[in-house]
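The values are calculated or read from the model by the stated rules, or taken from the named source; none is laboratory data. Model, not experiment: these values are computed from the prediction. Only protein heavy atoms, including side chains, enter the accessible area calculation; ligands, DNA and RNA are left aside. Shrake-Rupley method; radii C 1.70, N 1.55, O 1.52, S 1.80 Å.
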Amino acid sequence: SYNMSSGKSSLVDGEINDNENVSDLEKNKMMSAGDSEEVRLENNIQLNRNGDDTTKTIKLYKRRWFIVLLFGSYSLCNSFQWIQYGIINNIFMRFYGVESFTIDWMSMIYMLTYIPFIFPVTWLLDKKGLRIIALVATAMNCAGTWIKVTSVRPDLFAVTMLGQFCCSLAQVFILGMPSKIASVWFGSEEVSTACSIGVFGNQLGIAIGFLVPPILVPNVEDMDQLAYHISIMFYITAGVATLLFLLVVIVFQERPELPPTQAQATARCIPPEQYSYTASILRLLRNKPFLLLILTYGLNVGCFYAVGTLLNRMIIEHYPGEELNAGRIGLTIVIAGMVGSLICGIWLDRTKTYKQTTLAVYLMSFVGMLVYAFTLSLGHLWVVFLTAGALGFFMTGYLPLGFEFGVELTYPECEGTSSGLLNCSAQVFGIIFTICQGKIIDNYGTLAGNIFLCVFLFIGSVLTGVKQVFTPPLYLIDLLRSLISQELPSPGCL
């Protein structure tokens with residue numbers, strides 16, 4: 001029997017029933033062998049297609065968990081460096097003798113680099129696959145960390161900026177991969193969870209980036225001692241980046257030998273010449289629900305980027321000398337968001353309620369930002385920790401929601417293309433919001449700057465509600481999935 005709500009063939013007493021395509025019913029065998037999943041799923045389906053019979057096998061491999069964890073690890077290493085300058089903004093200002101806005105650009109360069117490079121990188125992901133992209137990402141990240149090791153002198157700010165640029169370029173090769181890895185390696189019931197784990201690594205890196213730099217680089221007066229502390233931080237980062245690069249070279253695999261789902265098996269049989277990256281982009285840009293998602297995703301994640309970049313300035317203004325607690329507040333935001341991401345991923349895998357969950361999380365992000373804005377100046381750090389945690393739970397928890405909803409709305413387009421467009425929107429709004437909020441804070445204070453973000457989160461909430469009108473019911477998307485997945489591969493394509 002066909003399950004219209006999940007878009008997958010259902011197993012009933014070990015049999016697969018499909019009156020139109022299956023000519024002979026066979027029992028599925030539950031096997032355990034090699035590095036396959038403890039339960040190996042084999043669907044042997046005899047079907048008539050142009051008069052030919054073919055057998056299709058899908059299989060889940062244990063190594064898929066290692067692949068996604070390795071990806072999460074090098075994503076962590078890269079995202080750590082996004083915020084390592086901004087969270088101790090005042091210390092790097094004094095060491096390099098530059099303005100606060102200049103240090104802000106050490107974070108914003110991650111956003112700026114992404115915008116022009118995302119489209120060629122997404123094309124490479126489609127044409128060359130996961131392994132090449134992973135190798136380039138870890139190589140660029142490793143090179144950037146070692147360049148920064150050589151920049152620990154007050155007159156070498158340009159060198160440290162070059163190193164940060166290399167790391168920001170590596171990020172372009174990283175951000176679009178979670179949904180691609182999830183679809184290539186994981187079963188249909190695990191996709192959202194796997195995507196959340198991939199995003200989880202990025203968020204954990206940001207969390208460590210908030211926590212560790214204030215510990216490793218204390219605000220000491222002696223410049224030689226300060227240079228020593230900065231070099232220690234840079235050497236540790238370079239060592240980790242080098243290890244991860246070597247691991248990717250040795251063990252990162254392009255794809256499993258057998259596909260994890262019927263849809264992936266079908267995708268493998270599409271000749272490369274039949275796929276046009278430009279045509280895919282144009283189809284996505286004609287998709288009204290996805291265009292609204294691009295806008296609302298950019299508004300939400302852009303606000304998160306602005307809050308993260310300017311957090312040190314906001315905390316120091318109301319709590320002077322609390323660089324360490326500024327980092328801990330940033331850690332609280334991201335850890336709460338990681339919990340939110342995992343809960344949302346598991347919830348989506350079980351319920352598939354993308355539209356309702358997205359709207360609820362967006363509204364709570366707006367409420368959380370509003371509460372944070374009005375409690376920041378009360379003079380009680382414990383209140384800031386609570387409100388920042390609530391804000392992070394929903395605002396950062398929205399990240400995997402946007403990715404997975406984008407994949408649902410754009411199926412069967414490439415996951416890397418849809419996630420690339422979402423991230424591009426987030427980078428554009430991140431730069432705009434960071435610059436504008438920074439100027440507002442300088443002239444009118446933190447409350448006005450945070451209200452500025454609240455306005456755009458409210459607009460995003462309204463647009464997310466409007467998106468529900470344009471988005472087709474998910475059972476129609478599931479029907480499309482079923483029709484495509486039934487176009488099974490021809491003999492020999494596996």
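Relative contact order of region 323-478: 31 percent, from C-alpha pairs under 8 Å at least 6 residues apart in sequence.
Heavy-atom surface analysis with a 1.4 Å probe gives region 50-175 a carbon and sulfur content of 69 percent of its accessible area. Classify region 367-456: rounded, prolate or oblate, from the alpha-carbon gyration tensor (a ≥ b ≥ c, eigenvalue square roots; a/c under 1.5 rounded; otherwise prolate if a/b is larger than b/c)? Here region 367-456 falls in the oblate category. Our coupling estimate for region 214-220, obtained by passing each phi through the Karplus curve with A = 6.51, B = -1.76, C = 1.60 and θ = phi - 60°, is x, 7, 6, 10, x, 7, 9 Hz, Gly and Pro reported as x.
Which whole-number percentage describes the relative contact order of region 115-264, with Cα contacts under 8 Å and a sequence gap of 6 or more? List each step's numbers first, then the result.
On the way: 149 pairs, mean separation 48.7, N = 150.
Relative contact order comes out at 32 percent.
Residue-wise HN-Hα couplings along region 150-160, as the Karplus relation 6.51 cos²θ - 1.76 cosθ + 1.60 with θ = phi - 60° gives them from phi, are 7, 9, 7, 8, x, 9, 10, 4, 4, 5, 5 Hz; Gly and Pro carry x.
Taking all protein chains into account, the per residue accessible area for region 113-212 stands at 31 Å² (1.4 Å probe).
Judged by the ratio a/c of the largest to the smallest principal axis of the C-alpha gyration tensor, region 244-378 counts as prolate, that ratio being 1.5 or greater while a/b is larger than b/c. Scanning residues 5 or more positions from Tyr61 or on other chains, those with amide H under 5 Å from its amide H are Glu37, with H placed 1.01 Å from N in the peptide plane. Shown for region 77-189 is the translational diffusion coefficient from the Stokes-Einstein equation, using the Kirkwood radius over Cα pairs, a temperature of 20 °C and a viscosity of 1.002 mPa s: 143 µm²/s. In plain terms, the bigger the Kirkwood radius, the slower the diffusion; for region 142-235, with that radius from Cα pairs, at 20 °C and 1.002 mPa s, Stokes-Einstein puts D at 138 µm²/s. Distance between the C-alpha centres of region 102-150 and region 194-246: 17 Å, rounded to the whole angstrom.
Relative contact order of region 72-178, taken over Cα pairs closer than 8 Å and 6 or more residues apart, is 35 percent. Over region 178-288, with every protein chain in place, what whole percent of the accessible area is carbon and sulfur at 1.4 Å, could you tell me? After summing per-atom areas, the C and S share lands at 64 percent.
The accessible surface of region 351-407, taken with every protein chain in place and a 1.4 Å probe, is 82 percent carbon and sulfur. The string of couplings for region 304-312 from the Karplus curve (6.51, -1.76, 1.60, θ = phi - 60°) is 4, 4, 5, 4, x, 5, 9, 4, 4 Hz, one whole number per residue in order, with x for Gly and Pro.
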